Amino acid sequence: MEIFFGLLVLGVVALAAWLLLAWSVTVRSVRYPPRQALARALAAGAPLDPSETDRNTEHWSFHADDGTELPVWTVKGTGDGPVTVLIHEWGHSRLDWLPFVDEWLAESSQVVVPDLRGHGDASGFCTLGRLEAEDLVGLIKSLDEEPVRLVGCGFGANIAIRTANMVPDEIQEVVAVNPWPTDVNGILNRLCMSGMHVRPPMAVFATGLRWLGTNGLQISSLQSGPRISLQLHDGEDPAAILSALGRDDVTIMSAGTSSN
């Protein structure tokens, strides 16, 4: 009997240790995305830096309130449109936007492409939108130029909408390409699609997600302010997003190849 209880206790301890390890790996995987943009660009034969193109580009860094450094490219536009800020997907970086910058030059006074915290060459770690939107508000204010168009892909689309909610008077338009869903299973699927190396058990992931918080991903009502264009992959139902936005004037299009 003593041997049985000893084995039982050992099993419980081993299970607890495994759950703690799985939880820790899950949280760390979300907070520190894989930095594989350079490898993707090399594999695709894409430019690795704006200097490899003929674009008029400024390299600079924005420092968030907590000291996090966000590297930024600013490309001079060829039109008289708004400042366009391109916001990348989780696990991606500004480098993933580089092949698509030309699509926005003709209708922008300048195109601004930052690395989000914890991505690319930025310092810090990902907070699932909790601080990323605040970073973008600070970045927009530092530009001291209006109006602004926000173009976000995936995770970046949720952040774009959240940022527009924070400073609606400064944003002319939001282009949200394939925003993330906000349910636990949907978030896990998007993380795995975007390069997360592990797929934890749902119970472990749900616990980790509760600890990390998902408020930064939530799509809130944006009943006035900027125009909104929603780009979704074929077959995706926009009903939940439209309901959350509280708007009946959203332009809905099929997501093209510019979603990075």
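The values are calculated or read from the model by the stated rules, or taken from the named source; none is laboratory data. All values reported here derive from a predicted model rather than from experimental measurement. As a convention, Cβ positions derive from the backbone with ideal geometry for all residues, glycine included, and neighbour counts pool all protein chains shown.
Scanning the stretch 196-214 for residues that are of a type outside the set (A, V, I, L, M) and either part of a helix (DSSP H, G or I) or modelled with pLDDT of 90 or more (or both) yields ARG199, PRO200, PRO201, PHE205, THR207, GLY208, ARG210, TRP211, GLY213, THR214.
In the condition set (1) surrounded by 20 or more Cβ atoms within 10 Å (Cβ to Cβ); (2) over 13 Å from the mean Cα position of the chain (by Cα); (3) at pLDDT 95 or above, LEU98 is compliant with all but (3). Please determine whether any residue of the stretch 83-93 is of a type in the set (Gly, Ala, Ser), under 25 Å from ILE171 (Cα atoms) and without any contact (Cβ under 8 Å) to a residue 60 or more places away in the chain. Yes, because at least one residue in the stretch 83-93 is of a type in the set (Gly, Ala, Ser), under 25 Å from ILE171 (Cα atoms) and without any contact (Cβ under 8 Å) to a residue 60 or more places away in the chain. Across the stretch 243-260, the number of residues qualifying as touching a Phe, Trp or Tyr at 6+ places or on another chain (Cβ under 9 Å) and either modelled with pLDDT of 90 or more or farther than 10 Å from VAL177 by Cα (or both) comes to 1. Kindly list, by first and then second residue, each pair from a residue in the stretch 38-67 that is under 14 Å from ARG94 (Cβ atoms) to a residue that is charged (D, E, K, R), limited to pairs with Cβ atoms under 7 Å and residues at least 6 apart or on different chains. Every condition considered, the pairs that remain are ARG40/ASP96; SER61/GLU69.
Exactly one residue out of TRP90, TRP73, TRP23, TRP18 is assigned to a helix (DSSP H, G or I) and surrounded by 13 or more Cβ atoms within 10 Å (Cβ to Cβ): that is TRP23.
Yes or no, residue by residue, for (1) at positive phi; (2) in contact with a helix residue (DSSP H, G or I) (Cβ under 6 Å, 6 or more places away or on another chain):
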residue: SER51; (1), (2): no, no
residue: TRP60; (1), (2): no, no
residue: GLY67; (1), (2): yes, no
residue: PRO71; (1), (2): no, no
residue: GLY77; (1), (2): no, yes
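Residue-wise test of (1) out of contact with any Pro (no Cβ under 9 Å at 6 or more places or on another chain); (2) part of a loop (DSSP other than H, G, I, E, B); (3) under 17 Å from LEU136 (Cα atoms).
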| residue | (1), (2), (3) |
| --- | --- |
| ALA39 | yes, no, no |
| ALA43 | yes, no, no |
| PRO47 | no, yes, no |
| ARG55 | yes, yes, no |
| ASP66 | yes, yes, yes |
